[in-house]
1. Please compute the modelled spin-label separation between ASP168 and GLU426, points set 7 Å along Cα→Cβ, answer in nm with one decimal.
2. Suppose we keep just the DSSP beta bridges with both residues in segment 232-334; what percent of those would be antiparallel, to 5?
3. List the pairs from LYS188/LYS264; LYS67/LYS258; LYS154/LYS300 whose alpha-carbon separation is above 27 Å, in the order I gave them.
4. Any idea how far apart LYS594 and TYR571 come out in nm if each label point goes 7 Å out from Cα toward Cβ?
5. Against the longest alpha carbon principal axis of the chain, how many degrees, from 0 to 90 and to the nearest 10, is the axis of helix 7-16 turned?
6. Pull up the DSSP beta bridges for the chain and report the antiparallel fraction as a percent, rounded to 5.
7. What distance in nm lies between label points placed 7 Å from Cα along the C-beta direction at GLU8 and TYR146?
8. To test your reading of the geometry: what angle, between 0 and 90 degrees and rounded to tens, separates the Cα axis of helix 407-420 from the longest principal axis of the chain?
Amino acid sequence: MAGYISDETIDNILSMTDIVSVIGEYTRLEKRGGNDWWGCCPFHGEKTASFHVDGDKKFFHCFGCHKGGNVINFIMEMEKTGYVETITSLAKKNGIEIKYKDGRAAPAEYKKNDEVEQYIELYERTASMFHYMLLETEQGKAALEYITGRGITKETIEKFKLGYSPADRRWLKSFLHKKNFSDAFLEKSGLFSKKYPDIAFFSDRLMFPIFDRKGQVVAFGGRILHPQGAEDRKYLNSGDLIQYKKRETLYAFNFAKKAMRDTKSVIFCEGYMDCIAYHQCGIEYAVAPLGTALTEEQVKMVRGFAETVYLSFDSDGAGQNATWRAILMCRRQDLTVKVIRLKGGKDPAEIMVNFGKENLTNQVKNAILDSDYLLSTLGEKYPVDIPEGKTKAALEYFQYVDALQSDMQKESCLELLSQTFNLKPEAVKRDFNNRAQAQERIGTRLNNNQTEQALQIKVDAELRGLLAVALDLDQFKVLREELTVEDFQNPGARKLFSILEECYDAKTFTIKDILTHCSGSEYSRLITEAISIGVYQADTAGAIIQDTIKFVKRNRLDAQRNNLLHRIREYVVVTEEDQKQFNALLEKKMELDKQIQNLGK
């Protein structure tokens, strides 16, 4: 396929593309004399710059992971795009005409790229129309009053191109017909109901255009203005599209990347409004996930720009769970994490309106380290004035220690745990190195001293994932293909998995039957609570399950690795046979390291 493109076209693209500018969109580069630039590699996690870009010779090379090449190689590797798609994108960006060898026609892959560009054009036009409806029409007046009432200025509305989707759900199709978009093209656009293709997906909503890293509109989020009943969701978000993958996109990333590069920081916040409020207050390194939990792909997006992650999620149960999950994810990417604990309002926009941007800025500056945050919340969650509570808090905190990427960090945080809960450091280290057995001990003791109904079940990422599949048979099938009950470390998760397996085997996998199996236990409350608060939606369950599978596998491998490390540290080599056994332990550790590394990909 590459042979269709002329050498002249390739030469023009390579000579006219500023490789420093392109790579600077993905990681922060610093000049070190001449046209040599250095930064942290966007392909693998590191804190010491080993990634080199030569602006004159137009190549890059990482001395850590050894990836290298020209700007075409970089984009293909970074964006996981094909050769033709990459060539087309760079040619368009630089105004270069693509020529083909032997006068041959363009290959099929160009047609796919053209289709992507056509849908981006559609979304750009639609966003401009929504923006006009918000600012210039009577229909958009209520939406405009709402957003300005939240303290958002005209300048910010313009910057984020906020809009309004008309209440008439047939209006959009008629409007786009006049712009010569065909029914067949619009059917795959994501702007209309799949069941009723003339009915707009978004109607009577405040619209938030979602931009790609280049600043092009590729999707939408919409906030309802006049709910008709409990079934109306507060926010609707575009699903995955040919030009948009929500797991690989962050809201406001296009606006935030310069500030991230300058401050080496990023704020992950709850949603659109929180993100916009931070930007209006001059804190322009804020971004937000898009209707789903934070993903590893999104963390990797900011890793090349930021060294410190600030988390700004709600203080309710769901927000605390999101904070816990994000802390582990970011720490595994070797990022420093701090938590913003907002005071004086339920969200950044409310604090901005009530107290001003200086107050919000100060609250960001006063963010606390994630280790301090976790110990504080665990101290509130468990009765740490008694041994049982201390043990439970420590076991949960060990998951955080596991996520840290250096032995010095682990050692420091274990000492902090000892000091906070007045524990002997030696006992803490023993239980950390043998946490699976410690978990079994505390689980057995609780079962002996309490009834199952009174058992306080630790709700961690393992159990949250199982609660998601309790609502979705198809996702449970995915989960059970990857995991067995023995893979779970949380006793509560093991018990719930067994219950779900029983229901599955009996072909009675309904909420009613599952609750019957859980009758009289804490699991009934957890499942009904998950349903009532709507934590798990159909469009996010798949992502939750994949994250759960990775989390459980990683926990299992980490436990095996830590037990192995403990054996290696205490192993004494005397005889030749001892040396062979010691070498076998080292080989096993290398194999576990490789498996853990592969899980992170």
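1. Here the answer is 8.1 nm between the modelled labels.
2. Approximately 20 percent, going by the DSSP bridge assignments.
3. Violating the 27 Å Cα-Cα cut-off are LYS188/LYS264; LYS154/LYS300.
4. Result: 1.7 nm between the two label points.
5. 80
6. Roughly 75 percent of the beta bridges in the chain run antiparallel, per DSSP.
7. Roughly 5.6 nm, to one decimal.
8. The two axes meet at around 60 degrees.
The values are calculated or read from the model by the stated rules, or taken from the named source; none is laboratory data. Keep in mind that this is a model prediction, so the values were computed, not measured. Virtual Cβ from ideal backbone geometry, glycine too; neighbours counted across all protein chains shown. The accessibility values were calculated without ligands, DNA or RNA, using every heavy atom of the protein model including side chains. Shrake-Rupley method; radii C 1.70, N 1.55, O 1.52, S 1.80 Å.
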